[in-house]
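Right, one structure below, let's go through it.
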Amino acid sequence: MKELMTVTVNDKALRQALKSVDAALADMTPLMRRLAETLKTETDFNFEDEGHPAWEPSVAALARSGMTLSKSGLLRRSITTAYDSSSAGVGTNVDYARIHQLGGKAGRNLAVTLPERPYLPVDADGNLQARVEQKLLDQTLSYLTEVTRR
């Protein structure tokens, strides 16, 4: 008779890691908080660097030898984060924010055309800037790695 060889795998650690991932996916608030803060930080970088890609300088900024979208700092200071167990975001409630993000007609009789200057790290179609998308993916993978080690 042939003798069978039996191998027993101790999968206790694997099962525990999967339980941790399952629990983390049930309420992703900690991850979403991180992602929202990253979106805020990347928005700050857009203001500091005057865009990614670079914004067309504003006439006002050139006239005062200042930075575009930074005359009073109100728009930048108004950026807030929002997150819950399944989403993360960044935004503002400043009334002129949209025209600066997306560009378009502004002023009296809509006589001025403003170029888009995406200070939020997304384009007009809602696509993340490539470098920001990669950061969010890296953070998500890091978070999942952390929870498997709990």
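Worth a mention:
- Only one of the listed residues (Gly66, Gly51) is over 28 Å from Thr148 (Cα atoms) and without any contact (Cβ under 8 Å) to a residue 40 or more places away in the chain. That residue is Gly66.
- Residue among Leu31, Leu69, Leu4 that is of a type in the set (A, V, I, L, M), touching a Phe, Trp or Tyr at 6+ places or on another chain (Cβ under 7 Å) and not in a helix (DSSP H, G or I): Leu69
- Answer residue from the stretch 117-150, given it is of a type in the set (A, V, I, L, M) and under 12 Å from the mean Cα position of the chain (by Cα) and is nearest to Val90 (Cα to Cα) among those: Leu120
- Contact annotation: residue pairs with Cβ atoms under 9 Å, 6 or more positions apart or on different chains, pairing a residue in the stretch 127-150 that is in contact (Cβ under 8 Å) with a residue 12 or more places away in the chain and closer than 14 Å to Thr41 by Cα with a partner that is exposed (fewer than 13 other Cβ atoms within 10 Å of the Cβ) and of a type outside the set (Gly, Ala, Ser), are Gln129/Pro53.
- Selection count, the stretch 46-75, where residues are at positive phi and surrounded by 15 or more Cβ atoms within 10 Å (Cβ to Cβ): 3
- Residue within the stretch 88-111 that is modelled with pLDDT of 95 or more, under 12 Å from the mean Cα position of the chain (by Cα), among the aliphatic types (A, V, I, L, M) and surrounded by 12 or more Cβ atoms within 10 Å (Cβ to Cβ) present: yes
- Meets criteria (modelled with pLDDT under 95, surrounded by 10 or more Cβ atoms within 10 Å (Cβ to Cβ) and either in contact with a strand residue (DSSP E or B) (Cβ under 7 Å, 6 or more places away or on another chain) or farther than 19 Å from Leu136 by Cα (or both)) for Leu25: no
- So Ala124, is it touching a helix residue (DSSP H, G or I) at 6+ places or on another chain (Cβ under 9 Å), surrounded by fewer than 18 Cβ atoms within 10 Å (Cβ to Cβ) and in a strand (DSSP E or B): no
The values are calculated or read from the model by the stated rules, or taken from the named source; none is laboratory data. Fair warning: this is a prediction, and the values are worked out from it, not measured in the lab. Here Cβ is always computed from backbone atoms with ideal geometry, including for glycine, and neighbour counts include all displayed protein chains.
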